[in-house]
Structures are given as C-alpha cells and as structure tokens.
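Participant: Before we start, here is the structure in question, set down as structure tokens.
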C-alpha cells in the first residue's frame with residue numbers, strides 16, 4: 001500500500017490546502033459588493049511550502065505582514081485564522097507563506113518572476129486569459145519543487161483558484177461551496 005508516513009504527510013498537506021480554500025471561499029461568499037463599480041473585493045494569495053527556505057525567489061514586501069498575534073498556524077483556532085485572513089485580504093498586499101506544518105510566516109512577500117533559465121527547465125505552464133498578476137505569479141511559483149500549492153482569491157470577481165505544478169483548478173464565485181451552497 002505504500003509508506004504510511006508518506007500517506008499521512010500527503011493527507012496533512014491536502015487538509016491544509018483544503019482549509020486555505022475554505023477560508024478563501026468563505027471570504028468570497030461573505031463579500032456582497034462584487035457587482036459594484038470601483039469596488040475591489042477581498043484578495044488573498046497563499047503559497048504552501050515544504051519548508052521556510054524561500055529567499056531565492058521571494059522578497060519581503062515592506063510593512064505587509066500576517067497578523068501572527070491573531071493566528072500563527074492554519075490548523076489552530078478556525079475563527080482566529082478567518083479573522084486574520086480577512087484583515088489581510090482587505091488591507092495588505094503580497095503573498096502569505098505557509099509551511100507544510102501549517103505555520104504562517106509573519107512577513108508577506110513578493111514572488112520574483114522566474115529567470116529565463118528557470119523557464120527553460122519547466123514544463124509548459126497552463127495560463128488562462130482571466131489571470132492577472134497575482135494568478136500569473138501563483139501559477140509560475142507552483143512549478144517550483146518546494147512549492148506544494150498556491151491558493152488565490154481574486155479581488156476582481158471572487159474566483160478561488162488552487163495552483164499545483166503549473167496547472168490550476170478554479171471555481172468562479174457562483175460555483176463556490178459545492179454541494180453545501182444554500183442557494184442550490
């Protein structure tokens with residue numbers, strides 16, 4: 001059947017990513033001003049890493065920080081994590097780094113574009129016409145070996161997307177919540 005430790009680690013990673021998606025979807029669904037002109041919704045960009053060694057492709061983004069005094073780990077208090085995510089989604093810019101154990105790094109970052117040499121070594125990346133700067137960054141960073149996934153919430157339309165290995169799975173706002181949607 002395989003190594004039980006690897007199965008447990010995979011299950012933990014999937015649970016962590018599912019939790020991040022749930023939070024992004026919750027922020028999208030709770031925001032009710034998507035149709036208003038000149039209004040931006042919540043925006044979130046989370047990169048899940050195998051370890052906290054990301055300096056070779058990310059730079060600190062000034063005063064943009066995750067409120068670690070509110071929520072330091074994803075699997076901790078669900079209410080505290082949602083509160084922290086909402087604060088970041090409405091008032092900060094950049095990527096939030098989360099390590100595989102669920103620890104959120106305080107400093108938010110700017111992910112550097114890949115160099116020409118890095119692009120040559122990568123498989124073809126799956127780009128879409130709707131992708132903005134944040135999504136392009138997320139799909140590109142997802143091709144790095146140490147990146148397990150990136151999760152985004154679009155401030156333009158509430159779309160939630162999970163990026164893995166240069167591909168993506170997304171749900172537009174009216175598809176969020178799946179079978180749990182109240183309006184179905």
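All of the numbers you see were taken from the coordinates with simple rules; none came from a lab. Computed from a prediction, not measured in an experiment: that's the story for all the values here. Virtual Cβ from ideal backbone geometry, glycine too; neighbours counted across all protein chains shown.
Participant: Could you tell me the relative contact order of the chain? Use alpha-carbon pairs under 8 Å, at least six residues apart, and round to a whole percent. Intermediate values should be presented prior to the final figure.
Facilitator: On the way: 309 pairs, mean separation 49.5, N = 184.
The normalised contact order for the chain reaches 27 percent.
Participant: Please compute the length gained on full extension between residue 156 and residue 127, using 0.36 nm multiplied by the number of residues separating them and subtracting their Cα-Cα distance.
Facilitator: Separation in residues times 0.36 nm, less the Cα-Cα distance, equals 8.7 nm.
Participant: Here's a follow-up. Highest mean first, what order results for 23-29, 129-135 on Cβ atoms within 10 Å? If you can, show how the numbers build up before the last one.
Facilitator: On the way: 23-29: 22.0, 129-135: 14.4.
The most tightly packed comes first, giving 23-29, 129-135.
Participant: Between 30, 86, 155, where does the largest GNM mean-square fluctuation fall for the chain, given springs only between Cα atoms within less than 10 Å?
Facilitator: Maximum fluctuation in the GNM of the chain, among the listed residues, is at 30.
Participant: Could you sort 34-41, 76-83, 161-168, 99-106 so that the peptide with the highest average Cβ count within 10 Å comes first and the rest follow in order? Walk me through the intermediate numbers first.
Facilitator: Values: 34-41: 10.2, 76-83: 15.0, 161-168: 19.6, 99-106: 17.4.
So the peptides 34-41, 76-83, 161-168, 99-106, ranked by packing, come out 161-168, 99-106, 76-83, 34-41.
Participant: Still on this structure, I have one more. Using 0.36 nm per residue of separation minus the Cα-Cα distance, give me the extension gain between residue 65 and residue 175 in nm, one decimal.
Facilitator: Numbers: separation 110, 0.36 × 110 = 39.60 nm, distance 3.03 nm.
Here the segment from residue 65 to residue 175 would lengthen by 36.6 nm.
Participant: Can I ask one more? Who wins for biggest fluctuation among 112, 173, 33 in a Gaussian network model of the chain, springs between alpha carbons below 10 Å?
Facilitator: Result for the chain, Cα springs under 10 Å: 33 fluctuates most.
Participant: How high is the FRET efficiency between residue 35 and residue 112 when r is their beta carbon distance and R₀ equals 30 Å, given to the nearest 0.05? Don't skip to the end; give the middle numbers.
Facilitator: Values: r = 35 Å, r/R0 = 1.16.
E(calc), rounded to 0.05, equals 0.30.
Participant: Which residue fluctuates the most in the chain, going by a Gaussian network model with Cα springs under 10 Å, if the choices are 48, 109, 70?
Facilitator: 70
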